[in-house]
Amino acid sequence: MLINATAPGEGIHARSLAGMNFMFAETERYVREKQSAEQPGTGLVDELLAAHGRGELTWREVLETTVLLYMSGGPNPAYLIGAGFKLFAERPDLMAEFGQSPEIRDAFINELARLNPVELIITRFPNEDIEIQGVHIPAGSCIKYPIGAANRDPAVFQNPNEFDYKRPPDASRNLTFGLGTHACAGQLLARAETSVILGLVAERYSSVELASDPLDVRTDRLVAFDKLPVRLS
């Protein structure tokens, strides 16, 4: 979260740099261990290492790709999973449906992501003058896109604040993971992890209860749960 803040406070840059250095060092240690294994595995890092062996990727590209996919497919779905627990606690009926009907899970996770984006704001700088709905935006302007607001735009979503996983596909598209060629590289991991974990909870337990009020932390860019105590029964 500190790394991705667009308006960092005092000391944030140094703490972010320390965090990035730690992440890269730990990732490289794990990748080196896999590289030295007697038998290669069948995972994504094994494929990256194989491409490195063929001269298709540099070592730095292997390392940066692994870190990128971890950051996209690791911390972000943690918030989405927490949002799922909170929803299960508030709506036991939805928890029952999720546990009993695996075929709804993709649509369910998509709706969960629409209402609970991890990345709150995306910042862009246009390289030419543009106009959006009558508003002139000069080249070089700093534009902040509030994803949470876009995902609840009443001009796009009927009953935008209501959780409704039965929305038709065309009516449920949202910006939580982006769109097109610049969509989130880790979204398949995030969706799969969230679906598996919430699925196991919904199948094995009959209820989720919040043990105390959740506590989240926010920057101008991201949101995460600092605490989300739950009881499973």
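The values are calculated or read from the model by the stated rules, or taken from the named source; none is laboratory data. Worth saying up front: this structure is predicted, and the values here are computed from it rather than measured. Every residue, glycine among them, receives a Cβ derived from its backbone with ideal geometry; neighbour counts consider all protein chains shown. Surface areas here come from the heavy atoms of the whole protein model, side chains and all, with no ligands, DNA or RNA. Shrake-Rupley method; radii C 1.70, N 1.55, O 1.52, S 1.80 Å.
Normalised by the number of residues in the chain, the mean separation of alpha-carbon contacts (under 8 Å, six or more apart) gives a relative contact order of 25 percent. Within the listed set 123, 219, 181, the Gaussian network model of the chain (springs between alpha-carbon atoms below 10 Å) gives the highest mean-square fluctuation for 181. The charge dipole of region 6-48, taken about the Cα centre with unit charges on the Cβ atoms of Lys, Arg (+1) and Asp, Glu (-1), comes to about 160 debye, rounded to the nearest 20. Taking 130, 81, 121 as the candidate residues, the one with maximal mean-square fluctuation in a Gaussian network model of the chain, Cα springs under 10 Å, is 130. Shown is the FRET efficiency for residue 224 and residue 130, computed with R0 = 25 Å from the Cβ-Cβ distance and rounded to the nearest 0.05: 0.15. Calculated on the alpha-carbon coordinates, the convex hull of region 1-130 measures out at 215 cubic angstrom per residue.
Taking every protein chain into account, the accessible area of region 45-142 amounts to 51 square angstrom per residue (probe 1.4 Å). Here is how the number arises for the chain: DSSP H runs of 4 or more residues each give -39500 (n - 2.57), the sum is divided by the residue count, and the result at 222 nm is -15000 deg cm²/dmol. Working note: Karplus 6.51/-1.76/1.60 with θ = phi - 60° gives region 134-142 the couplings x, 9, 7, 10, x, 4, x, 5, 8 Hz, where Gly and Pro are set to x.
For the chain, a Gaussian network of Cα nodes joined below 10 Å ranks 109, 12, 137 by mean-square fluctuation, and the top entry is 137. Scanning residues 5 or more positions from residue 121 or on other chains, those with amide H under 5 Å from its amide H are 147, with H placed 1.01 Å from N in the peptide plane. Only one of the listed values, (1) 16.7; (2) 14.0; (3) 14.7, was derived from the coordinates as mean projected area of the Cα convex hull in nm²; which label is it? Correct label, based on the coordinates given: (1). Ligands, DNA and RNA left out, the accessible area of the chain computed with a 1.4 Å probe is 55% carbon and sulfur.
Quotient of the Cα radius of gyration of region 116-174 and 2.2 N^0.38 Å, N being its number of residues: 1.38.
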